[in-house]
Amino acid sequence: MTTWTDHTAERPISLTAPSGIDRAAHHRLDEAWLAAAWSHPATRCFVVSGGQVLIDETPDGRTELVMTPSFEAPLTEAHRYFLGIDEDGVSYFALQKDALPGRIDQSARPAGLREAGLLLSPRDAGLMVHAVGLENWQRTHRFCSRCGERTVIAAAGHIRRCQACGAEHYPRTDPAVIMAVTDEDDRILLGRQVHWPEGRFSTLAGFVEPGESIEQSVRREVFEEAGITVGPVEYVASQPWPFPSSLMLGFMARATTTDIDVDGDEIHEARWFSREELHAAFEAGEVLPPYGISIAARLIEMWYGKPLPTRSFI
């Protein structure tokens, strides 16, 4: 496997730009330090619920996470997660609640990562993706996988500990490969999943299986989904993707065959596109581009040579 040399330096992939937040993991088990940080007047926190947060527009047109000082935060018994410290020494926490709080001014609105990730600053997007990932894991891993007893939160939200058998459980991240496959004529292979609406096409993707390298996973997934064999594989970049708990590993891959045979289970349709054909399909509304927040959009753009048409998150 070789490595793509661009690394998207000019247009960083969403959710990957440096956030300026030090996660300061060494503080997570220091209850005295956490208590002092929480009570500090400079500390800021926000609520996460069901993968959503509150966002608001500032007078100068920016979009920000709605954050409050910790002393104004809604009460929560245990679901308070330490996210890190910025370069000015400000500590940030997320509070997991069953519902987002109401806002008196009515200007703030709930938003998930697909919308907010494109609007927020790198700092706020980094805080949000961290909080959403923790929230999903906390909601779905309340019981010990070893003995079945209920677990409790530890390490400021980054561990669940079983008091019955002593097991510790850590946030789950599932590696997945996503690849822009091109052929010797420099066409790109795009597919439409069975549950997607008509016209929505994107790059192929799939999860890495146990005992499998990421290069093997790229080749297996492309062959299983589209019947195409792949030769050279080039790593491009990764993207955290907590929908619910993936880490997307992006690749450019070169096909050695071109006859498409979709599996029918995951992929309903797959097609080869030249740049001219894809441009015409966008113009005619025949093909909808991937969401701009996704690494899929950036992989296609690297081949396409320019930004894709914008698409609503709705």
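The values are calculated or read from the model by the stated rules, or taken from the named source; none is laboratory data. Note that the structure is a prediction, hence the values are computed from the model and not measured. Ideal geometry is used to build each Cβ from the backbone, glycine not excepted, and the neighbour counts take in all protein chains shown. Note: accessible area is taken over every heavy atom of the protein model, side chains too, but ligands, DNA and RNA are not part of it. Shrake-Rupley method; radii C 1.70, N 1.55, O 1.52, S 1.80 Å.
Taking the range 69-94 as the range and being at pLDDT 95 or above and out of contact with any Leu (no Cβ under 7 Å at 6 or more places or on another chain) as the test, the residues that pass are Pro69, Gly84, Ile85, Asp86, Glu87, Asp88, Gly89, Val90, Ser91.
Output the number of the condition that Arg146 fails; it satisfies all remaining conditions of (1) in contact with a strand residue (DSSP E or B) (Cβ under 9 Å, 6 or more places away or on another chain); (2) under 30 Å from Pro232 (Cβ atoms). Failing condition for Arg146: (2). Among the residues of the range 131-145, those that are open to solvent by 20 Å² or more (accessible area, probe 1.4 Å) and in contact (Cβ under 8 Å) with a residue 60 or more places away in the chain comprise Gly133, Asn136, Thr140. Only helices (runs of 4 or more DSSP H) whose full extent lies in the range 26-141 are considered here, and the ones with at least 1 residues that are more than 24 Å from Thr310 (Cα to Cα) are 31-39, 122-140. Residues of the range 247-258 that are under 22 Å from Pro122 (Cβ atoms) and either open to solvent by 50 Å² or more (accessible area, probe 1.4 Å) or at pLDDT below 95 (or both): Leu247 alone. For the range 57-68, enumerate the residues that are under 21 Å from the mean Cα position of the chain (by Cα) and open to solvent by less than 30 Å² (accessible area, probe 1.4 Å). Result: Thr63, Leu65, Val66.
Cβ separations smaller than 8 Å between residues 6+ apart or across chains give the following pairs from the range 30-47 residues that are among the polar types (S, T, N, Q) to residues that are buried (at least 18 other Cβ atoms within 10 Å of the Cβ): Ser39/Ser70; Thr43/Ala37; Thr43/Ser70; Thr43/Ser91; Thr43/Tyr92; Thr43/Phe93.
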